[in-house]
Amino acid sequence: MSTRDTEGGHVPKEPSMIKQKELLSAYYDRLVAAPQTGQKVVYTFVPGNLTELLLAFDVLPVLPEINALQSAMRGRSGDFIAEAERAGHSEDVCSYVKCDLGMLRAKSGPTGKPLPPPDLLLLSYTGCFTFMKWFELLKQEFPKAEVAMLHVPYQADGVVTPEMRQYVLAQLREEVVPKLERITGKKLDEDRLRELMEKSALAEDDFVAVLEAGKKKPSPIDGYFGAVFYIAPLFSAFRGTDDGVAYYRLLREEVEQRAAEGRGPITPLGQLDDQRIRLVVEGPPCWTSFRELWSMFAAEKAVVVASTYCKVGGLYDTGFRHDPRRPFDSLADYCLGCYTNLSLPSRTDLVARYVREYQADGFLVHSVKSCNSFSAGQLLMLRSLEKKTGVPGGFLESDLVDPRYFSGANVKNRLESYFQMLLARRGAAAERAAEVTP
Amino acid sequence: MATPVSTQSTSSAPRRPEEIAKACEAIAFDVSFAPVRAWKERTGRKAIGFLPIYGPREIVTAAGMLPVAVMGGGDRVEIVRGDAYFQSYLCQLPRSTIELALGGQLDVLDGMLFPATCDVLRNLSGMWRMSFPDKLVRYLDFPHDHRPLVGMRFWENDLRALAHDLGALSGIVPDETALARSIALYDENRALLASLDALRVEAPHRAPIAEVYALVRAGAVLPVEEHSVLVREYIAAAKAADRAPRDHARVLVVGAFCEQPPIGLLVTLERAGCYVVGDDLCLATRLVGEQVATEGVPPFASLARAWVEKARPTASRYLPNEEKGRWLVDRCRALRADGVVLAAPSFCDPALLEQPMLQTALDRAGIPHTCFKYAENTAQLQPIYEQAGTFSDSIRLFTEAA
Ligand code: SF4
Ligand code: SF4
């Protein structure tokens, strides 16, 4: 394959990667130091996170899903899950929850250092009921923590009604803000909230430009494996911050530079310029075998041009931006609009749109055992997408953070046959085109 | 022509409880939904299905239609196409429900309501829209904010919108008066079911779980008035029957709030020495056990309030501060249960994540418990027989020693 600068398999880091690493590690240091600095800590979830509001109160958000995935990438999730199962949790349930609970029991953190306990459990459960159980369990572990519930109605009919928005707004004003005011002892400063949102929108513009670069040929990004790094600051604690704005500007410049030079993204096997297959992926990644799976794609010169996973923390590419002129409405719209809050028909339409707009050769559904929210209905999505797009789909199964459910050989076989089928199909189409051309 | 199913005795002699239960079984487990077809033919009206754990049956009835709780296919449906819709690591209920729909058995339903029970049923609502675009599909988003002017208001608006949509289908948009009448019918049914529960607590040998379950579950497909007649008849028959008590342990069965265990499993528990004095089986028709009509509160508001204030604390509801554990312990004491059987459907996130929390509460209260998983089509009952037998023996030994 055409790769550059692999330096004997060692993939070089780009400036944005280095910056991200610095940001995240400084953030973890602040978290670990919270008991000493007295900064309040709020546990909450990625889909529908209220980062701007939290930062307006100077509290530190902790996102348990991110702890779980980081534990997996560091190879520790298997032990944490085993710990939770020893404590009575079923093998059947979401591995994110077990990984987090096991980590707590092991008195550890994703980086090895234990995280501070929550002052507030902010349960904004956009798109997944397991979040509710997760926080009921955490409340048992941290009985002193306050709980704020933000019930975000589901877009079952594919629309956000005024009643749905009103309901979320009322909860924001009457439940979430008062609880934040109580734990911090501060009044909400709406001007500060607006300032934060202004910065969010800047970063969001750059982020969308990065994602949409996947439309170019060759694609300068990997919209799934690569994008999980791109989303990290925006979906966690850096929306609304100067660091966030700077990171996305740097990232956008890098991506635009790569596009201008006709270069592809950096993969575990080096830079992927020569791209044979363009794909859209639906479903979360497998964090325990993240590099292994990415390498399987790269080895076949397959690049992911768009994915749904990088929309779980906000569907920015359909036009949403945090809006400083209407801060609460836009927080409500943000929560209501996350990918995980879309109905199955809307999800299917979105993937079909990506296949068309990003000129993909195929689409892959990655079904993870843990996540009923994503997985239930994916087989129907697959069939419906094949009909809608006329493009064949592939189906992979594994898990998020439970290493027992990733079978490398099996996945590799499936991928290889799927890729071969796509190439053969393209070859046949090219032949047909040649026949009709005089 | 659908076969009419009789809910009433054909002779003048009173029926024995087992005869009533047998008739109920034929109604409750008929996966062709013949009783619903017969009702539609008789009345010329429509029927609306809903999935566990809740459907506002009062509104469906007030709109002139028959509410039908669809609780999967149990062990009476062979899964042929359903597996092509769901991965192996998802529970059985949506698979058999799709199977029934694809097989045409659910054609009898003119619409389907999907309650916000879990992610699987939530997504099933979308699958229904994609697969059966001509049918009415509504998602019921229960409020998890419980304040009157926030969550309850949202839910009441939703119920009113549902009434409007159902009315558009049936031609009868229910107003407050029609809803009040309907609530009264269901309140009567709830009161009868409460009497049935009281009988089980006082004399569990008079109302074996398999009979009780068939009776309760028949209410999932029958018009409420007809069901009330049956419950009344059964209670009288069970009280009059000559049935001797046995030296069984008194247990609560908890966790089966959505996908139902096969009836054979319930029989097995009893055979193994457990009287089931309380349960959360068939919650689709029993989530709210208390009276809904509230003095001075208009009917739509009463119904909205009932979900928030009177619904049982199941795994699908967010209740922090270990409320559900406390509720279970209190219930054990109120029903004089010796122990708890935590029975949850395989691959059910809500039920299985709930279990350790309930176990902690039971441990703290010193209440013995045992747990197992099942699927609606579980056929291997011997291990459950052995486990329940050991559990019952240990409870009885413990009680005797005490
Ligand atoms: S079920 Fe899915 S969305 Fe929900 S917590 Fe688990 S991984 Fe996250
Ligand atoms: S059994 Fe559990 S997971 Fe399955 S549909 Fe019912 S609540 Fe959902």
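Odds and ends about this structure:
- For B:V68, the residues 5 or more places off, or on other chains, whose built amide H falls under 5 Å of its own are B:I48, B:G49, B:F50.
- Karplus 3J(HN,Hα) series, Hz, for region A:177-189 with 6.51 cos²θ - 1.76 cosθ + 1.60 (x for Gly, Pro): 4, x, 5, 5, 5, 5, 6, 9, x, 10, 8, 5, 9
- Cα-centred dipole magnitude for chain A, charges only on beta-carbon of K, R (+1) and D, E (-1), debye, nearest 20: 460 debye
- Summing Cβ point charges (Lys, Arg +1; Asp, Glu -1) relative to the Cα centre of the protein assembly as shown gives a dipole of roughly 300 debye.
- Averaged over the residues of A:81-92, the number of partner chain Cβ atoms lying within 10 Å of the residue Cβ comes to 4.
- Global size of region B:118-198: 16.0, 44 Å for Rg and Dmax (C-alpha atoms, Rg to one decimal, Dmax whole).
- Calculated from backbone phi, Karplus (6.51, -1.76, 1.60) coupling profile of region A:219-234 in Hz, x at Gly/Pro: 6, x, 10, 9, x, 10, 5, x, 5, 5, 7, 5, 7, 3, x, 6
- At 1.306 mPa s and 10 °C, Stokes diffusion of chain A via Kirkwood alpha-carbon radius, µm² per second: 71 µm²/s
- For region A:62-136: rounded, prolate or oblate by the Cα gyration tensor [a/c cutoff 1.5]: oblate
- Angle of helix A:77-86 to the longest C-alpha principal axis of chain A, folded into 0 to 90 degrees and rounded to 10: 60°.
- Three-way shape label, chain B, alpha-carbon gyration tensor, a/c 1.5: rounded
- Inter-chain Cβ neighbour average for residues A:380-388, partner chain, 10 Å: 2
- Based on DSSP H segments of at least four residues, each scored -39500 (n - 2.57), the protein assembly as shown has a per-residue ellipticity at 222 nm of -15500 deg cm²/dmol.
- Relative to the longest principal axis of the Cα atoms of chain B, helix B:382-401 runs at roughly 60 degrees.
- Straight-line reach from A:K21: taking Cα to Cα under 17 Å and skipping same-chain neighbours fewer than 8 places apart, the aspartates and glutamates in range are A:D29, A:D242, A:D243, A:E254.
- Rounded Å value of the spacing that divides the Cα centres of region A:396-438 and region B:236-304: 52 Å
- Potential extension, A:R325-A:E292 segment - 0.36 nm per residue separation minus Cα distance: 7.4 nm
- Modelled spin labels at A:R173 and A:K217, positioned 7 Å past Cα toward Cβ, are 5.2 nm from each other.
- Between helix B:93-102 and chain B there is an angle of about 40 degrees, using the helix long axis and the longest principal axis of the Cα atoms.
- Euclidean distance of C-alpha centroids, region A:185-220 and region A:48-119, integer Å: 26 Å
- Derived value for the protein assembly as shown: Kirkwood hydrodynamic radius 28.4 Å. Basis is the mean of 1/r over every pair of different alpha-carbon atoms.
- Each residue of region A:92-102 was assigned a 3J(HN,Hα) from its phi angle through the Karplus expression (A = 6.51, B = -1.76, C = 1.60, θ = phi - 60°), giving 6, 8, 3, 6, 4, 4, 5, 4, 5, 5, x Hz with x at Gly and Pro.
- Excluding same-chain neighbours fewer than eight residues apart, the lysines reachable from A:K412 by a Cα-Cα span under 24 Å are A:K301, A:K369.
- Shape call, region B:27-179: gyration tensor on alpha carbons, a/c limit 1.5: oblate
- The modelled label-to-label distance for the pair A:R432/B:K310, using points 7 Å beyond Cα in the direction of Cβ, is 6.3 nm.
- Stokes-Einstein translational diffusion, region B:294-402 - Kirkwood Rh over all Cα pairs, 1.567 mPa s, 4 °C, in µm²/s: 80 µm²/s
- Peptide-level mean, for B:144-155, of C-beta atoms on other protein chains within 10 Å: 5
- Under 16 Å from the Cα of B:K135 - lysines, other chains or at least 8 residues apart: B:K46
Just so you know, all these numbers are worked out from the coordinates, no wet-lab data involved. Fair warning: this is a prediction, and the values are worked out from it, not measured in the lab. Neighbour counts are summed over all protein chains in view; Cβ atoms, including those assigned to glycine, are modelled from backbone coordinates with ideal geometry.
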